[in-house]
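The values are calculated or read from the model by the stated rules, or taken from the named source; none is laboratory data. Note that this is a predicted model, so its numbers are computed, not measured. All Cβ positions, glycine included, derive from the backbone under ideal geometry; neighbour counts span all protein chains shown.
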Amino acid sequence: MNETLTIGEAAKASGVSAKMIRHYESIGLLPRAQRSNGNYRLYGSQDVHNLRFIQRARSLGFPLESIRELLALWRNRQRSSAQVKKLALSHVAGLETKIAAMQQMAAALKHLARNCHGDDRPDCPILEGLATGGDADSADCH
C-alpha cells in the first residue's frame, strides 16, 4: 500500500477507530498525520502498520506507556530481544496478579451467594457482607 488513506480508511485497514487514531496522535503514540490541502489527515502504509501494532499490543492488555516502549524497541533495529522479553514478562506478572485478585473476588462472591437463600425474605448475607466487610457466615439468612 503506497497510497495515502483518509482517517476512515486507515481505521478500517488497521482495526483502530478514527477516534482512537486521533487520541494516539494527541498523546504522541502515533506521529501527527500529514494533512491534505483540505486539512484532512492522511496516512501511509507505515502508519497503518504502526496502528496494527498498537491494536495487537492493546488486545494483549499492554498499557499505553508499555506500548510506547514496545514501539520504540520495534523501531530500533539495534535493540536486544532481552529488553522486549523483560517488558513482556513484566506485563505477564501484572496480568497474573490481576487474575489472582479477580479469582479471590469471585470466590468471595460465591461464598456470599452460597449462604443466601435467595427467597422472599429481606435478610441477605450478600448485602450484609458488602455493608460490613464480613463474610456470609456472620450474616447468614435463616
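For Lys19, work out the one condition from (1) at pLDDT 95 or above; (2) under 21 Å from Glu69 (Cβ atoms); (3) among the charged types (D, E, K, R) it doesn't fulfil.
Unmet for Lys19, out of (1) at pLDDT 95 or above; (2) under 21 Å from Glu69 (Cβ atoms); (3) among the charged types (D, E, K, R): (2).
Might you check whether a residue that is within 30 Å of Glu96 (Cβ to Cβ), among the polar types (S, T, N, Q) and without any contact (Cβ under 8 Å) to a residue 24 or more places away in the chain occurs anywhere in segment 11-23?
yes
Which condition breaks for Cys116 when tested against (1) in contact (Cβ under 8 Å) with a residue 24 or more places away in the chain; (2) within 30 Å of Ile7 (Cβ to Cβ); (3) in a loop (DSSP other than H, G, I, E, B)?
The one condition Cys116 does not meet is (2).
Condition (residue is part of a loop (DSSP other than H, G, I, E, B) and more than 20 Å from the chain's Cα centre (by Cα)) applied to segment 101-110: is it met by at least one residue? It would help to see each step written out before you state the result.
Here is the first cut: in segment 101-110, the residues part of a loop (DSSP other than H, G, I, E, B) are none.
Checked segment 101-110: no residue is part of a loop (DSSP other than H, G, I, E, B) and more than 20 Å from the chain's Cα centre (by Cα).
Kindly check whether there is at least one residue in segment 56-68 that is loosely packed, with under 14 Cβ neighbours inside 10 Å, modelled with pLDDT of 95 or more, under 22 Å from Gly94 (Cα atoms) and touching a helix residue (DSSP H, G or I) at 6+ places or on another chain (Cβ under 7 Å).
yes
Look at segment 7-47 and say how many of its residues are surrounded by 14 or more Cβ atoms within 10 Å (Cβ to Cβ) and in contact with a strand residue (DSSP E or B) (Cβ under 7 Å, 6 or more places away or on another chain).
Residues flagged as surrounded by 14 or more Cβ atoms within 10 Å (Cβ to Cβ) and in contact with a strand residue (DSSP E or B) (Cβ under 7 Å, 6 or more places away or on another chain) within segment 7-47 amount to 7.
What pairs can you find where one residue is in segment 24-47 and under 17 Å from Lys12 (Cα atoms), the other is polar (S, T, N, Q) and outside any loop (DSSP other than H, G, I, E, B), and their Cβ atoms are less than 7 Å apart, with a gap of 6+ or different chains?
Filtered contacts from segment 24-47: Leu30/Asn50; Leu42/Gln34.
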